Structures are given as structure tokens and as C-alpha cells.
Amino acid sequence: MPKGGKAAQEIEALREKIRRHEYLYYVADDPEISDAAFDRLMIQLKELETEHPELATPDSPTQRVGGAPREGFQEVRHKIPMGSLDNAFSFEALGEFDRRVRELTGREKIDYVAEHKFDGLSLSLMYEKGMLVRGVTRGDGTTGEDVTPNVKTIRSIPLTIAPALLKKAGLRGDFEVRGEAIMTRKAFQQLNLQQSEQGGKIFANPRNAAAGGVRVLDPKITASRRLDFCAYYIFVDGRAAKKHLSEVLETLAVLQFKASDDWKLCHSLGEVERYIESWDTRRERLAYEIDGIVVKVDEVALQNELGFTAKSPRWAIAYKYPAHQETTVVREIRVQVGRTGVLTPVAVLEPVHLGGVTVSSSTLHNLDEVERLGLHAGDTVLVERAGEVIPHVLKVVKHGTEEKRFRMPEKCPECGTRIHKAEEEVAYRCVNVSCPARRKESFLHFAGRHAMNIDGLGDKIVDQLVDKNLVKDYADLYHLKLEKISELERMAEKSAQNLLDEIAASKKNSLARLIYALGIRFVGERTAQLLAAHFGSMDKIADASEEELTGVTEVGPKVAEGILEFFSESANRKLIERLRAAGVNMKDERAAPKSSKFAGMTFVFTGTLAKRSREEAEALVASHGGKAGSSVSKKTNYVVVGADPGSKYEKAKSLEVPILDEAQFDKLVASR
């Protein structure tokens, strides 16, 4: 317990609460609170630690995301070498391994632990007094790279372990945990979808994405990859923490590390083989990829007796499953329109049995990938499904008789509007927000809390409205009838009327909310507010030139391009007119300034304010004739600092710009 009285007690209690919820969410997969509630706890802790910097500790949950990118990695020598495993590709090879173990130990019977072989990047985690002090990659087995700031962003890695858990595990507090940094299938698919939409690199498999995510110099990139850590060994003073590996795995669970829940203590080679066979068909159901089964001698004394070869332990081996690969023919290459409007080429295949399922299509991600493969309809290709839910075309084995080059269509195959592509991007897009392919996603965004704030218009209702063809674009919402909504599932007449009331009330929303709700690419909440304040009406924004758009504070060429692209589509302009006819507000109806006390003055806000959002604070400045700036310069009059301030705070100090906390800002607002 840190010193500091009531504040220290409050901070420590909050940290324990957050650690518990991190464990429930990231390790136990049994969350008790919503993401929003968790975020509120984290914000509260950040604010308290900012108010009491003397109580900040390196193991606090707020320290998970590191600071600025580093210039390079420091090399660290492992106390115990991190060897790689020998592989067995058949039960015969596995039998040879068992024979050698029994001959070298003189034992007739050997107990083995069989567990999943995680396909990731090996890591060593050092703990002192229960606190994580260093994370190191395997490297060459003798020397690895210090990636501690990156490791701290992985939520399933405890930053500190409670004394009660250490006592229960029978550990003093100084120990080493080894395991694999991995990426779940879901996180991998989301990453590649994001990369495809942004025209970035497409990763071949989760292992490459995970390894690349750990070995980057910017911890924020690691955090964005949503990595997991699966532990498999504990060392204390260079020795195994327990007498049996099975006990080590049980201890990891006590310490609240994520480990394989499906390991098995096998009392014979036959049991090991049955375990391997049982997972060959079931491994596709796992949340993460495995490329085999690791078989280890359970008794640590026997592990020590068997020792190591030059690079591998003699007491362990990895049985590798064969990759699921087959050749087939590409019938045609179609284009699929995603929920965000991105066009993705898809190879339609001659059906082939692969990894227990029949595969008839494979995503090709983007046009660059098609050209990299040199792929045409009629080509024979090698397709792999090595654990991935979506099969992957590895290469062209033989070209067909007609090598017709694939081209992206000029018009959207779903709605017929023309396709847009920025020069610096790989992605081709349909920007019609009413396109059937992106309709559901568009409606959910339009109704969101920070957009038109239509309470009750969630996933289930939107699905029914679209599927029953009751709405085709945003404007249709304002023409819905009570009797039609009442017929939807889970919608009694009262709840239907409540939804209609919410939709009607949204007509009076601010212009800024409407701009954000339209789903214009690169236009977030703040940009929408700046556009509304600058132009004052939807018509002026729609007709603005690139030069006029980039004249708005914080609007650069990329944002301007997104706005111009949106309004260049006639379907979007017709939608605006339909919304106007329905009575939706199209003008910025801001009240006249309360005073001119801040006339000619610029305020910059940084950090999290306790009493109001940053947008509300900026609106307050504007109501007294001032303006909000996005960056700090010598011309800035005041920098207002909240909890967890960014680089603007440091720049304000270096430029000697007056700095206010929120209480001082309130006094300035209240002054005459």
C-alpha cells in the first residue's frame, strides 16, 4: 500500500478493481462489465494518478501503453537458453522420440504432458517481487531483444501479481515465465481487414502479424494489434518452479496467466497419439491457431537428466500437423463490396476438400495482391487453410489457356454508382452510403450516440428494417409508420412509438451531428464540428472547393478529399435533399456569443477534463468570442490541461505559454 492516506487507498483499490476486470476479460473470457464501464474506471485512475504523481507506480494498469517510439532494441542475454524444439511429422518419429527418452532414462514408463503448440513469438518475462520488470524475445536462443514497453501493452500479461496469489502458488516473487505472444483468429482478421481498407500490408498469417507487432519500436503499434500471451513454463533461480510440468501449468493458472486449458497428462505414448488425433479435427474451432502438439516429459528430474542437444531439449518434441494445402482451379474472380464500401476481389474456386471442409472461394484482399500472384481466371492455384477460417491462395501453379487480366469494375456491382480510388491508396471504394452492401453498417453509424443519437435503433432492429426492405437510406427512417414497426420482433406498440419519437427528435439535432452521421470518410466528430462552425450550412459544405475546405482549422488535403469524394456522388446529394425534405436540420443554429471577453484569444485543450468534454469546453470558449486551437504556438493565449495531458503540455512549458488547470479555467470563464 503506497503512502498518501485516502488518495493512496482509493488509487490502490481502483487498480485492484481494474486488474480483476482485465483478468476476467483477457484471460478468463468472462467479463462482468461493459467496455465503456471499464474505460471509465481507467479514466478515473488516470485522473487520480495525475493529481497525485507521487503515487504513480510502474505496475499500474495505466502504464500498459508506452510512450514515444524508441530508437532501437537493447540486447539481453538469457539466464537460461531458450532453445527451439525438434519436430516430428509422423507417429513413427514420435515413437523414436519415446524410445530415446526411455533408453536414456532407463525407464519403462514415461508420463508426458501434451499441449497445444502456439504459433507465435516466444517471450521471456522476468518478475521481481511479483512485478513485471522485463520482457525479452527468444532471439537466437542465447540473446534476445528487450521489448518490455511492448510487452506491457498485452492485456493478458499481468503487470503485477498479488501477494496472496504468490503465496497460493508457493512462489517468493522472483521468477521467469516463458510463453508465446499470439494473435487470435478474430484479431488477425480484423487487422487484415483494416490493412486492406487502408491500403496497407496484408499479413500472411497470425504468427507473422504477432511477431511483427512485438518487434516494433512504437508500443502503440503493439497495442493496436490486440495480442495475447499464452504461458507454458516457470523458472525460479534457473530451475523449474515445480517437480512436474503438470504442476507448473497448474501454477500458471493460479498466477492468473493465460495458458492452454486443454493440456493433458498422458501415461503412455498411446494416450499422446490419441490426444494428437483428437485435436487434428477440432483445432479449427480454437480461438487461436496451433500448428501442432508439444509433447514434454512431465517429471522435471527426468528433464534435467535428459538435458539438451546443441539447440533443443531432449525431453520435448513438437508434433507438427500437415498444412492443409490442395490445388484447384480458379473459375472466376468476382468483386465483393464490404460493409465500409471497400471492393475486394474474391477467387471463385472449383470446390476442394481442405482441412475438413469444402472450400469454394478465397479472398484476394486487393488488386495489388491479384497482380502480385499474377492470377487470372482459369489458373490452377495452391490453396492453404493452415488454421485460418478463410483459405489463402499461396501461388499460381499453372496458368490457364486464357490469361485475361483482372480489372476492377468502374461501377459498384451492388448499386451501380461509380467507384472511387485515391492515388496513394490500394483500396477501391463505393462511397454511396445507401449502397445495399454497406446499408446496415451505415444505419448503425447514423443512429449512434455521437451521431443522430437515435436510442433504440440497434443491431436487431436495423437488421429487420433492412431485411424487410422498410428502409433503403437514412431518409426512409423519417417516413416509417407505427403499424410497420410494431410488427417487428421484440417491438410492442409502446416501444415502436418510443423509437418513432426518437427518430422525430433527431431532426432537430445540430448540423455537426448530421455531418458526422453521414459517414463521410475521414470526417470524425471534431472535424464535423469545425465544418459546421466554419460553413454554417450543409449546402455550403457540399459546394466548397478543396481550397475552401483546407482553409478550415485541422482540415488537411486527405480530409478534404473525403468530403469532395462524398459530395461528388449524385446518390449522396439526393440523400441530402431527401433528408432536408423530411425536416432534418441543415444549418448551424449556434446562439450569439454570451460575451466578447475572449475575443481574439486562442485556447488549446489537452488531456481529459473532469467536468466536461473537450468539445464542450471549446464551445464555451467560442460562446465568449474566443477560438480553440489544435496546436500550441507562441500565439496561443492559454493551454488548459486535464488528466493525462499529451505533448501539447510539454510544448506549452517550453514556449512559456500560460497553463491553466480546469479549476483555473472555470474561474477565468466566470470572471468579468
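Read-outs throughout are calculated quantities, based only on the coordinates presented, and are distinct from any laboratory measurement. Being a predicted model, the structure only gives us computed values, none of them experimental. Virtual Cβ from ideal backbone geometry, glycine too; neighbours counted across all protein chains shown.
Please provide three numbers in whole Å: the alpha-carbon extents of the chain along the principal axes, with the largest listed first.
91, 76, 52
Roughly what angle does helix 245-254 make with the longest principal axis of the chain, taking Cα atoms, 0 to 90 degrees, to the nearest 10?
30 degrees
Using alpha-carbon positions, what is the distance between the centroids of region 87-107 and region 625-672, in Å?
70 Å
First select every other residue whose beta carbon is under 13 angstrom from the beta carbon of ARG490; then total the charges, Lys and Arg +1, Asp and Glu -1.
Details: positive: LYS460, LYS494; negative: ASP459, ASP463, GLU487, GLU489, GLU493.
Local charge sum for ARG490: -3.
Spelling out what I want: for every residue of region 300-305, take phi, set θ = phi - 60°, compute 6.51 cos²θ - 1.76 cosθ + 1.60 (Karplus), and round to whole Hz; glycine and proline get x.
5, 4, 6, 4, 5, 5
For HIS353 and SER568, compute 0.36 nm times the residue count separating them, minus their Cα-Cα distance, and round to one decimal in nm. All intermediate terms of the calculation are to be shown ahead of the outcome.
Numbers: separation 215, 0.36 × 215 = 77.40 nm, distance 4.57 nm.
My answer for the length gained is 72.8 nm.
May I ask for the angle, rounded to the nearest 10°, between helix 35-51 and the longest principal axis of the chain, with both axes built from Cα atoms and the value confined to 0 to 90°?
For 35-51 against the chain, the angle is about 90 degrees.
Using a ≥ b ≥ c from the Cα gyration tensor of region 257-399 (square roots of the eigenvalues), is it rounded, prolate or oblate, where a/c under 1.5 gives rounded and otherwise the larger of a/b and b/c decides, a/b for prolate?
The shape class here is prolate.
Longer than 25 Å from Cα to Cα, which of LYS17/LYS186; LYS6/LYS667; LYS109/LYS258; LYS243/LYS264; LYS481/LYS574; LYS109/LYS264 are they? Say none if no pair is.
Numbers: LYS17/LYS186 27 Å; LYS6/LYS667 27 Å; LYS109/LYS258 30 Å; LYS243/LYS264 17 Å; LYS481/LYS574 22 Å; LYS109/LYS264 17 Å.
Among LYS17/LYS186; LYS6/LYS667; LYS109/LYS258; LYS243/LYS264; LYS481/LYS574; LYS109/LYS264, the Cα-Cα distance tops 25 Å for LYS17/LYS186; LYS6/LYS667; LYS109/LYS258.
Would you mind computing, in nm to one decimal, how far apart the modelled labels at VAL466 and ARG407 are, each placed 7 Å from Cα along Cα→Cβ?
Spacing of the two 7 Å Cα→Cβ label points: 3.1 nm.
If R0 is 41 Å, what FRET efficiency do you get for ALA504 and SER630 from their C-beta distance, rounded to 0.05?
Plugging the Cβ-Cβ distance into 1/(1 + (r/R0)^6) gives 0.70.
Out of residues 5 or more away from GLU145 or on other chains, whose amide H comes under 5 Å of its own, with H placed 1.01 Å from N in the peptide plane?
VAL76, THR137, GLY139
Tally the DSSP beta bridges in region 521-662 and give the antiparallel ones as a percent, rounded to 5.
Restricted to region 521-662, the bridges split so that about 20 percent are antiparallel.
Restricting to DSSP H runs of at least four residues, report the calculated mean residue ellipticity at 222 nm for the chain, -39500 (n - 2.57) per run over all residues, nearest 500 deg cm²/dmol. The partial results should precede the final answer.
On the way: 25 runs with 240 residues, N = 672.
Theoretical 222 nm ellipticity from helices: -10500 deg cm²/dmol.
Please rank THR251, THR550, fewest neighbouring Cβ atoms within 10 Å first, as an exposure proxy.
Fewest-to-most ranking of THR251, THR550: THR550, THR251.
Tell me the relative contact order for the chain as a rounded percent, counting alpha carbon contacts under 8 Å between residues six or more apart. Don't skip to the answer; put the middle values down first.
Working: 1205 pairs, mean separation 62.9, N = 672.
The normalised contact order for the chain reaches 9 percent.
Between region 180-223 and region 285-344, what's the alpha-carbon centroid distance in Å?
Centre-to-centre distance over Cα atoms comes out at 17 Å.
Among the lysines, which fall within straight-line cross-link reach of LYS484, defined as a Cα-Cα distance under 20 Å, with same-chain neighbours fewer than 8 residues apart omitted?
Leaving aside lysines fewer than 8 places away in the same chain, those within reach of LYS484 are LYS440, LYS460, LYS468, LYS472, LYS494.
Can you work out ³J(HN,Hα) from phi for every residue in region 490-503, in order, using Karplus 6.51 cos²θ - 1.76 cosθ + 1.60 and θ = phi - 60°, giving whole Hz and x for Gly and Pro?
The phi angles translate into 6, 10, 6, 4, 5, 5, 5, 5, 4, 5, 4, 5, 5, 4 Hz.
Take each of the peptides 466-475, 424-433, 135-144, average the number of other beta-carbon atoms within 10 Å over its residues, and list them starting from the highest.
424-433, 135-144, 466-475
Pull up all non-local amide H partners of THR608: gap of 5 or more, or a different chain, and H-to-H distance under 5 Å with H placed in the peptide plane.
GLY642, ALA643, ASP644
Give me the percent of DSSP beta bridges within the chain that run antiparallel, rounded to the nearest 5.
About 85 percent, rounded to the nearest 5.
To check you understand DSSP bridge types, tell me what percent of the beta bridges within region 602-670 (both residues inside) are antiparallel, rounded to 5. Each step should come with its number before you reach the end.
On the way: 1 of 10 bridges.
So the antiparallel bridges amount to about 10 percent of the total.
Quick query: amide H of LYS117 versus all other amide H atoms, modeled in the peptide plane; which residues come in under 5 Å with a sequence gap of 5 or more or a different chain?
Here the answer is ASP291, GLY292, ILE293, VAL294, since their amide H atoms fall under 5 Å of that of LYS117.
How far is helix 557-567 tilted off the main Cα axis of the chain, in degrees rounded to 10, range 0 to 90?
Approximately 70 degrees, to the nearest ten.
Go through the cysteines of the chain and tell me which have no other cysteine Cβ under 4.7 Å away.
Cysteines of the chain left without a disulfide-compatible partner: CYS230, CYS266.
What's the exposure ranking of SER495, SER633, going from fewest to most Cβ atoms within 10 Å?
Neighbour counts put them in this order, fewest first: SER633, SER495.
Spelling out what I want: for every residue of region 93-110, take phi, set θ = phi - 60°, compute 6.51 cos²θ - 1.76 cosθ + 1.60 (Karplus), and round to whole Hz; glycine and proline get x.
Here the 3J(HN,Hα) series is 5, 5, x, 5, 4, 4, 4, 5, 4, 5, 5, 5, 9, x, 9, 7, 10, 10 Hz.
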